[in-house]
Amino acid sequence: MPEHEADGQLATPTHEVRDFLHRRREQIAQRWADEPLFRTVFTVSRDEAVEAGKAVVDALAQVADSDRVEDPDAAGFSGVREQLARMGAARSRAGLSNTQVSSELAALRPPVENMLAADLEQAPPEHLRACSTALTVLMGTLRLVAMQTALSEWQALSDRQRMQLLEVATPVIRLWDGIVAVPLIGTLDSARSQVVMETLLNAVVDQHARFAILDITGVPTVDSLVAQHLMKTVAAARLMGAECIVSGIRPAIAQTMVHLGLDLDVLTRASLSDALGYALHQLGADIVNPGAGQR
């Protein structure tokens, strides 16, 4: 039966929903614990899933109490955002698409609506409809909050993975005592260029390198911003006491750098082997071909 306000009138729809959520907290959490979104995320024990469900019900009740059932920024949702993100991310890692996760969130609504209808069976039809609408809006907002939070979590994970891939795709090779090289393959953009600079400078420090070779033989082309990044990398290496040699510049890249009017005060060699040979010569470690001069 519906609750009554102090003046004897029926409670407002949102407050009716609030009271219902408080009253049926345990039953709702028990039902949700059997739904895929909870069951497949909280696998240690069913009690864990039930407790997670209770936390969500409490959040919904708090939002209903504030009469902000349509507001995803309502204070009541703040306490469960991290939990919702963890649930959404777990389902995504299990191979579910955003649409499938959204469907699992939508599946939480029917059990609650059925309980509300049973509780308000004797209430006036208009009041029942108003309360059902308020609950529907509230559950829809929960779904929106969960998806927004999960998408933010997925984006953060994607950014971290992208940075890790950039670092893996930018290896630093120790060619000789005092000589390190970064062979680049594929397209260079601003983000990767920044990783190249950081990786190379860190290697100069770690290896006490006197020469750093930046080989771009495998880079088909660069834009103006990337070309400027490369020049800045060369300058930064010099500031740290290492001579930077750029090898493998393609004709198209050379033309780009000339057209841009960039400072071309940079040591270049046609290939990585030429750059290594120069660095070795500067270190007094010339390579001698044992077969030279033999017939």
Within the set 90, 254, 181, GNM on the chain using Cα springs under 10 Å gives the largest fluctuation to 254
Longest principal axis of the chain (C-alpha) makes with the long axis of helix 224-239 (C-alpha) an angle, in degrees to the nearest 10, of 60 degrees
Sorted by chain and number, the residues with a modelled amide H under 5 Å from that of residue 175, at a separation of 5 or more or across chains, are 180, 181
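How much area per residue is accessible in the chain when the probe is 1.4 Å and only protein heavy atoms are counted (Å²)?
That works out to 52 Å² per residue.
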Carbon and sulfur atoms account, in whole percent of the 1.4 Å probe accessible area of the chain, for 52 percent
For region 66-78, in residue order, the Karplus 3J(HN,Hα) values (coefficients 6.51, -1.76, 1.60; θ = phi - 60°; whole Hz; Gly and Pro = x) are 8, 6, 10, 5, 9, 9, x, 9, 4, 4, x, 7, 4
Sequence order, region 34-43: Karplus ³J(HN,Hα) from phi using 6.51 cos²θ - 1.76 cosθ + 1.60, θ = phi - 60°, Hz rounded, Gly and Pro as x, gives 8, 7, x, 4, 8, 4, 8, 9, 9, 9
Among (i) 20.7; (ii) 17.9; (iii) 25.0, the value of mean projected area of the Cα convex hull in nm² computed for this structure carries the label (iii)
Nearest-0.05 FRET efficiency for residue 46 and residue 75 at R0 = 35 Å, using Cβ-Cβ distance, is 0.75
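For the chain, what is the percent of antiparallel DSSP beta bridges, rounded to the nearest 5?
20 percent
The values are calculated or read from the model by the stated rules, or taken from the named source; none is laboratory data. What you see is a predicted model, and the numbers here were worked out from it, not measured in a lab. We place every Cβ from the backbone using ideal geometry, glycine too, and count neighbours over all the protein chains shown. To get the accessible areas, we keep the full protein, side chains included, count just its heavy atoms, and leave off ligands, DNA and RNA. Shrake-Rupley method; radii C 1.70, N 1.55, O 1.52, S 1.80 Å.
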